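Here you go, one structure.
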Amino acid sequence: MIYDVIVIGGGPSGLMASIAAAEHGGKTMLIEKGNKLGKKLAISGGGRCNVTNRLPQEEVIKHIPGNGRFLYSAFSVFNNYDIIDFFENMGVALKEEDHGRMFPVSNSAKTVVNALIDKMDELNVNVQLNTAVEAIHFDENTHTIILQSGEKIETKSVVIAVGGKAVPHTGSTGDGYAWAKKAGHTITELYPTEVALTSNEGFIKEKTLQGLSLRDVALSVLSKKNKPIITHKMDMIFTHFGVSGPAVLRCSQFVVKEIMKGNKKVTMHLDVLPEKNENQLLQEITSSLEQNPKKAVKNLLKGIVPERFLSFVLEKNNVPEDLKAANLGKDTLRSIVQDLKNFTFLVNGSLPLEKAFVTGGGVSIKEIVPNTMQSKIMERLFFCGEILDIHGYTGGYNITSALVTGRLAGMNAAFEAFYTGI
Ligand SMILES: Cc1cc2nc3c(=O)[nH]c(=O)nc-3n(C[C@H](O)[C@H](O)[C@H](O)COP(=O)(O)OP(=O)(O)OC[C@H]3O[C@@H](n4cnc5c(N)ncnc54)[C@H](O)[C@@H]3O)c2cc1C
């Protein structure tokens, strides 16, 4: 028997691709090497399955800094609002949370994954679990999928949806890159994105701030000329190896790219109080100190920033914990304000790709037709999801990219299968 479409990989892109292929009349098989479908999808958004994002399409694309613009034509066929309709039509009620993030009302990833599985069932997609693909033999009329067991399966179209290399215990072990290369595709350099950053600064090594979270800070990555490359206003946390948390994850790819350019260290700029400008802050603190000359500086500044960060800044400026407000010199006060508004520290790298949330780099988008996801090099070969050189911030953007590219790949894989005339 010859399948119309074989989809390799049961992540969000592969699940959507197999549904789209079957909905468009393709005799479809989905092959997944793990014992479960949608493992990574299920752990996204803190385990509640962040299916997409409700921000306007333009914003969604902006939140996919790794080649998001490539998705414009795909979005004109199927976009984030279509994803919402798709799930709601299957009976999965969704709700919006902060920053437009969409979750199932049930707060359970199972609701989402089960709905996709039921849909595949309904469409008679032949799902093969615990089945690893070893290689693909590309041919003129059909392609042959070679399983690790040695078994061979013939198909007219093949959709490669095996994900990237991040968090490999979910099954994404980078198997697809070799198959893409074999078909003649270029794989752009792979690197970790949405990843925690490492630092050798004394206060990190000495674990002075370990475990401290800062809310709504403005964190920037500075260029060699000390100009901000990117700024994100979100939370962050100091760890035993460096920094992490939402603002850091979003900044991480810009740090990694600087390091890939050969820079050994990258400067981060931290503004702990981005809502206030320097003068405002200086005036506020000055008047508080003047009104309470006998009180300890530390007590007066306590409410402004978390106490541990304040102690760190005071120590850095050689201000004893019990120093009275009247005795704080003007220059020292200016330097404290500088540290609250313009604290800089060096980072020297990131955790490895295996520990990143998302893979940067992948199958070059220059070799993919943007409104079908078909290879420009090999007929009836399609790619979707994280294997492509597309990566977004966490917050539903990668999943949106996976579902949108999956939809197009599956649908067009079925169309192309019909034209073979076999
Ligand atoms: C902890 C965590 C949290 C995340 N949170 C978010 C978030 O909040 N928002 C967001 O947008 N993104 C998030 N992401 C990223 C997002 O989950 C991925 O980008 C997305 O799952 C990629 O989908 P995919 O279908 O391309 O690949 P995957 O989900 O990686 O699925 C690929 C599948 O292919 C299978 N496979 C691999 N090789 C073979 C083979 N040889 N034979 C057969 N099958 C194979 C794998 O077993 C796997 O099931 C998160 C990632 C992680 C790790």
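What residue, among those in the stretch 1-36 that are near the ligand (Cβ under 9 Å from one of its atoms) and more than 23 Å from A74 (Cβ to Cβ), is surrounded by the fewest Cβ atoms within 10 Å (Cβ to Cβ)?
K36
Suppose we filter the stretch 226-239 for residues that are surrounded by 15 or more Cβ atoms within 10 Å (Cβ to Cβ) and not in a strand (DSSP E or B); how many remain?
1
So, in the stretch 374-406, exactly how many residues are touching an Asp or Glu at 6+ places or on another chain (Cβ under 9 Å), charged (D, E, K, R) and open to solvent by 30 Å² or more (accessible area, probe 1.4 Å)?
The total comes to 2.
Looking only at residues in the stretch 60-85 that are among the hydrophobic types (A, V, I, L, M, F, W, C) and without any contact (Cβ under 8 Å) to a residue 60 or more places away in the chain, which one is surrounded by the fewest Cβ atoms within 10 Å (Cβ to Cβ)?
Residue satisfying both the conditions and the ranking: I84.
Would you pick out the residues in the stretch 89-125 that are under 22 Å from M411 (Cβ atoms) and either of a type in the set (V, I, T) or at pLDDT below 95 (or both)?
Matches in the stretch 89-125: V92, V112, V113, I117, V125.
Shifting gears a bit: Go through (1) within 15 Å of the ligand (Cβ to nearest atom); (2) closer than 22 Å to L55 by Cα; (3) open to solvent by 50 Å² or more (accessible area, probe 1.4 Å) and name the single condition Q128 misses.
(2)
So for the stretch 118-125 (the condition being out of contact with any helix residue (DSSP H, G or I) (no Cβ under 9 Å at 6 or more places or on another chain) and in contact (Cβ under 8 Å) with a residue 60 or more places away in the chain), does at least one residue qualify?
no
Given the criteria away from the ligand (no atom under 12 Å from the Cβ) and surrounded by fewer than 24 Cβ atoms within 10 Å (Cβ to Cβ), does N371 qualify?
It is true that N371 is away from the ligand (no atom under 12 Å from the Cβ) and surrounded by fewer than 24 Cβ atoms within 10 Å (Cβ to Cβ).
Shifting gears a bit: L214: out of contact with any Leu (no Cβ under 7 Å at 6 or more places or on another chain) and either closer than 19 Å to V305 by Cβ or at pLDDT below 95 (or both), yes or no?
Taking the combined requirement at face value, the residue satisfies it.
Tally the residues that are among the small types (G, A, S), within 14 Å of T267 (Cβ to Cβ) and assigned to a loop (DSSP other than H, G, I, E, B), restricting the search to the stretch 203-225.
1
Looking at (1) in contact (Cβ under 8 Å) with a residue 12 or more places away in the chain; (2) open to solvent by 70 Å² or more (accessible area, probe 1.4 Å), which one does K330 not meet, given that it meets all the others?
Just one mismatch for K330, condition (1).
Of all the residues that make up the stretch 240-249, how many are outside any loop (DSSP other than H, G, I, E, B) and open to solvent by 40 Å² or more (accessible area, probe 1.4 Å)?
Matching residues across the stretch 240-249 total 1.
Let me ask something additional. Does T155 fit the bill of being out of contact with any Ser or Thr (no Cβ under 9 Å at 6 or more places or on another chain), surrounded by 16 or more Cβ atoms within 10 Å (Cβ to Cβ), among the hydroxyl-bearing types (S, T, Y) and in contact (Cβ under 8 Å) with a residue 60 or more places away in the chain?
Considered against the rule, which asks whether it is out of contact with any Ser or Thr (no Cβ under 9 Å at 6 or more places or on another chain), surrounded by 16 or more Cβ atoms within 10 Å (Cβ to Cβ), among the hydroxyl-bearing types (S, T, Y) and in contact (Cβ under 8 Å) with a residue 60 or more places away in the chain, T155 comes out as no.
With S252, S223, S213, S199 as the choices, which residue is open to solvent by 50 Å² or more (accessible area, probe 1.4 Å) and in contact (Cβ under 8 Å) with a residue 24 or more places away in the chain?
Just one listed residue meets the conditions, S213.
Tell me, which residue of the stretch 188-202 that is among the hydroxyl-bearing types (S, T, Y) and in a loop (DSSP other than H, G, I, E, B) is farthest from the ligand (Cβ to nearest atom)?
S199
Does any residue of the stretch 356-367 turn out to be closer than 30 Å to F87 by Cβ, open to solvent by 10 Å² or more (accessible area, probe 1.4 Å), within 16 Å of the ligand (Cβ to nearest atom) and among the β-branched types (V, I, T)?
There is at least one residue in the stretch 356-367 that is closer than 30 Å to F87 by Cβ, open to solvent by 10 Å² or more (accessible area, probe 1.4 Å), within 16 Å of the ligand (Cβ to nearest atom) and among the β-branched types (V, I, T).
All but one of (1) crowded, with 20+ Cβ neighbours inside 10 Å; (2) at negative phi; (3) within 11 Å of the ligand (Cβ to nearest atom) hold for I43; which doesn't?
In the conditions (1) crowded, with 20+ Cβ neighbours inside 10 Å; (2) at negative phi; (3) within 11 Å of the ligand (Cβ to nearest atom), I43 misses (1) alone.
Now a separate question. Could you tell me which numbered condition T111 fails, if it satisfies all but one of (1) away from the ligand (no atom under 14 Å from the Cβ); (2) over 30 Å from D235 (Cα atoms); (3) in a helix (DSSP H, G or I)?
T111 satisfies all of (1) away from the ligand (no atom under 14 Å from the Cβ); (2) over 30 Å from D235 (Cα atoms); (3) in a helix (DSSP H, G or I) except (2).
Just checking, how many residues over the stretch 134-187 are within 8 Å of the ligand (Cβ to nearest atom), among the β-branched types (V, I, T) and farther than 22 Å from L408 by Cα?
Residues in the stretch 134-187 being within 8 Å of the ligand (Cβ to nearest atom), among the β-branched types (V, I, T) and farther than 22 Å from L408 by Cα: 3 in total.
The values are calculated or read from the model by the stated rules, or taken from the named source; none is laboratory data. Not measured: the values here are computed from a predicted model. With ideal geometry, Cβ positions are generated from the backbone for all residues, glycine too; neighbour counts draw on all protein chains shown. For the accessible areas, the whole protein counts, side chains as well, though only heavy atoms, and no ligand, DNA or RNA atoms are used. Shrake-Rupley method; radii C 1.70, N 1.55, O 1.52, S 1.80 Å.
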